[in-house]
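To start, the structure itself, in structure tokens.
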Amino acid sequence: METGKSLAHDSAEIQVTGAALYTDDIVANAGELVVGFVGSPVAHGLLKRIELSNLYRIHGFVGAFTWQDIPGANLFGPMIADEPFLVKDFCEYVGQPIVVLAAENASSLRKARLQVQIEVEEKTPWLTISQALKQNSFAGTPREIKRGDFEGAWRKADHQIEGVFYSNGQEQFYLESQAVIAHLGEGNEILIQASTQNPTELQEVVAHMLGIGFNEVVCTCRRMGGAFGGKETQAALPALMASLVTKKTGRSARIAYDKDTDMHVTGKRHPFRSEYQAAVDKAGNLLGLKVELHSNGGAYTDLSLAIMERALLHVDNAYFIPNISLRGQVCKTHLPPNTAFRGFGGPQGMAVIENLMEDIAAKLRRDPYEIRSQNCYGNSPRDLTPYGQRVESRLPQILNKLHESSDYETRLEKIRQLNETSLTHLRGISLTPMKFGISFTATFLNQANALINILKDGSVQVSTGGTEMGQGLTVKIRQIVAEELGVPSEQVKYMTTSTEKNHNTSPTAASAGTDLNGMAAANACQAIRSRLAQFAAEIFADTQVGLSKSLEAIEFSEGKVWDRRCPEKQLTFGELALQAYRNRVNLGERGFYRTPGVGFNQSTGKGSPFHYYTTGACVAEVEIDRFTGQWMLERADLLLDIGHSINPGIDRGQIVGGFVQGLGWVSMEELRYQEDGKLLSYSPTSYKIPNVGDLPIDLRIELYEDPAPNGSIRKSKAVGEPPPNAFTCRIYSSQTSAWTSFTWQSSSLGNSSDL
Ligand code: MTE
Ligand code: MOS
């Protein structure tokens, strides 16, 4: 079996030695130009004048381009085409591209940048959700999900709990900034090499902008140095800039943002403001919930509506809520358009209810774990989400198991004692469940195609629309293909992702990269394998006297092929491939996959948007120094049901990485803006992401060994985004005998700030 092995990441060795090629490492073509841009000096203003005359004196300066130079469309956007490539009249965020510059080298480009003069009539920007609400400034229409009778539940409730919960934004902080190289081919042909989760989208936006057919543009991506959602749509602007320069000059053109620029101008995780009302009975059961969510979408729609949708679909997290009324609306502000970030709104929705669970526990003076487990999804009818999808999971078992394996009760008792006696430190512990829906909620995106080539030496090439951003997609797909063909994984190579080999692909996102592309690749392999089995059966029947032709008797394993009835006559996979080729058997195949059974009606807010749920839970124990406020995550235990993992080593990496990224969000990462909308925290010196020292001293990760059923590839479950959610933001500890709450004043979550 090739799946289930912890093979190393495909780029592990070359990343360590520095041999792995990221976009900006690709050797320059002769005459290649360096591209940059000058953006809006203000968050909100009217563009009055662009003065470029001084540029032409600069040695090495090649060209400056504005909206007037765009041959095709200036507007783009993944859901609503409302974002201009280059500002024509209104500047809507600081740094928004106005002029694209091309130069022979970086130093000429720097000089040119300083000589661009831009005049704007500055207007008052609105930056926060509350400012946007005052302006009635929204993107799209509000969305709702409803079930039962919230108002009735609220009136009858023993306890009415209400509040406002805020969660802040977060920078994706991929190490490789946005980077694109464009080359002109014959006629209108253009080739772009990009650091993108979505080569097909770049193909399309570049074609629109140049006013040419999609078929003239090829976009490739070897790998990204991290993306975390930040390259799902936002590689578009640099791709447009490089392509415009190539088109105008006929020369290859490269743009690579520096980190500061990248942080200033690209979108981030959406801040959310969620007003909630909860109806709770004496026993601590959540009988009704109303939440009004607002997100800060930034200046253009980008993916904000889909992110709000996912937030709404995750407010329930792991809990059955009979009466519920959810409403979500995206606010338009003068920040760079906020975009996908690992979890895609899910964490923002889940954080609301996890905070509420702590509220309920505090109010009832109960342990939050009890409140969580008694409200958890369970057997029918308590397994139905507000939108009507059944939750097939092992959530209650996972909670029980982790409760036991983490030694929760004993530790809780110790913490109580410590908090009563220690003058210097306080500790808190919490157990948080997590349920994350797998599939794109835009149903049409749940499709993939794959291309398999078997060559005459028996080596295999696989190409899909899936992109590698560090998550280990390519090694997992190699393992799937190897297993289908009965060859070792080393015999399979994952080829550079290209729109030329795979058409109309979805972004590698929603954690579904391996599910979709792996399934398409497996489908292609099965078709080739049945042709090869047919051919092999003929060979073995021909060469072995008295052996009838039997497809069922053909075995493909460990790079060899044989008939089970005469195992001594083996062919290597390469020998079979060569013979098949000579006998004109087709050794290539395209596979296709569409996720079955998913569908969601946006207007009714009902349906089954997800193929399945990835679930899990986490116990976190934190210690705080009462005097300095310094805190340490002492221990974290995570238990996840990720099905039959295709590569447990890689998945473990995803769990640790995702968890630590979630930890960064709720504890130390903090985006700060000036009043005029300029980002102050735009580099590693002013924006603190977790480092290795912030890892829990004691980190335990277990995979649940009795997975809930699902129809995914090799019964695996997606793992890319769920783990960041498995972290609560508040800790409670007991002083004396009563529960007293200590809100962990984290930078990004809480009841106190306006974002
Ligand atoms: N892991 C690494 N190392 N780098 C990344 O950029 N992106 C995350 C997650 N894990 C990311 C990552 C996000 S946002 C998603 S949606 C998934 O990987 C995408 O890949 P998958 O669908 O193959 O899981
Ligand atoms: Mo991930 S946020 O779906 O790119």
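For the chain, the square roots of the Cα gyration tensor eigenvalues, ordered a ≥ b ≥ c, give a/c of at least 1.5 with a/b no greater than b/c, which places it in the oblate category. Near the amide H of residue 120, within less than 5 Å, lie the amide hydrogens of 48, all on another chain or at least 5 residues away, with H placed in the peptide plane. Rounded to the nearest 20 debye, the dipole magnitude of the chain is 720 debye, with +1 charges on Lys and Arg beta carbons, -1 on Asp and Glu beta carbons, and the Cα centre as origin. In region 1-108, the portion of solvent-accessible area held by carbon and sulfur atoms comes to 55 percent [1.4 Å probe, whole percent, DNA, RNA and ligands not counted].
In order along region 251-259, phi translates into HN-Hα couplings of 10, 5, 9, 10, 10, 9, 5, 7, 4 Hz, rounded to whole numbers, per the Karplus curve 6.51 cos²θ - 1.76 cosθ + 1.60 with θ = phi - 60° and x for Gly and Pro. Net charge dipole, region 240-293: roughly 420 debye, given to the nearest 20, about the Cα centre with Cβ charges of +1 for Lys and Arg and -1 for Asp and Glu. Placing pseudo-labels 7 Å out from each Cα toward the beta carbon at residue 590 and residue 137 gives an inter-label distance of 4.5 nm.
Rg and Dmax, both from the Cα atoms of region 452-497 and both in Å, are 10.1, 31.
Residues in the chain average 38 Å² of solvent-accessible surface per residue, probe 1.4 Å, ligands and nucleic acids excluded. Peptides 44-55, 233-244 ordered by packing proxy, namely the average of other Cβ atoms within 10 Å per residue, highest first: 233-244, 44-55. Per-residue ellipticity at 222 nm from helix content only, as computed over the chain with -39500 (n - 2.57) for each DSSP H run of at least four residues, stands at -8000 deg cm²/dmol. Considering only 81, 398, 203, the residue lying farthest towards the positive end of the dipole of the chain is 81, judged by Cα position with unit charges set on Cβ. Beyond 19 Å, the tail of the calculated P(r) for region 599-733 holds 61 percent of the Cα pairs. For region 38-97, what percent of Cα pairs sit more than 14 Å apart? Here the tail beyond 14 Å accounts for 62 percent of pairs. Once backbone amide H atoms are built at 1.01 Å from N, residue 467 has 508 as its partners under 5 Å, excluding neighbours fewer than 5 places away on the same chain.
Sorting the segments 274-280, 210-216, 635-641 by their mean number of nearby beta carbons within 10 angstrom, highest to lowest, gives 635-641, 274-280, 210-216. Heavy-atom accessible area for residue 493, with the other protein chains in place and a 1.4 Å probe, reaches approximately 110 Å². Considering only 72, 35, 45, the residue lying farthest towards the positive end of the dipole of region 18-93 is 45, judged by Cα position with unit charges set on Cβ. Put simply, when 364-373, 320-329 are sorted by average Cβ atoms within 10 angstrom per residue, most first, you get 320-329, 364-373.
The values are calculated or read from the model by the stated rules, or taken from the named source; none is laboratory data. Remember, it's a predicted structure, so these values are computed and weren't measured experimentally. Positions of Cβ are generated from backbone atoms using ideal geometry, with glycine treated the same way; all protein chains shown enter the neighbour counts. When the accessible area is computed, the model is the full protein with side chains, heavy atoms only, and any ligands, DNA or RNA have been set aside. Shrake-Rupley method; radii C 1.70, N 1.55, O 1.52, S 1.80 Å.
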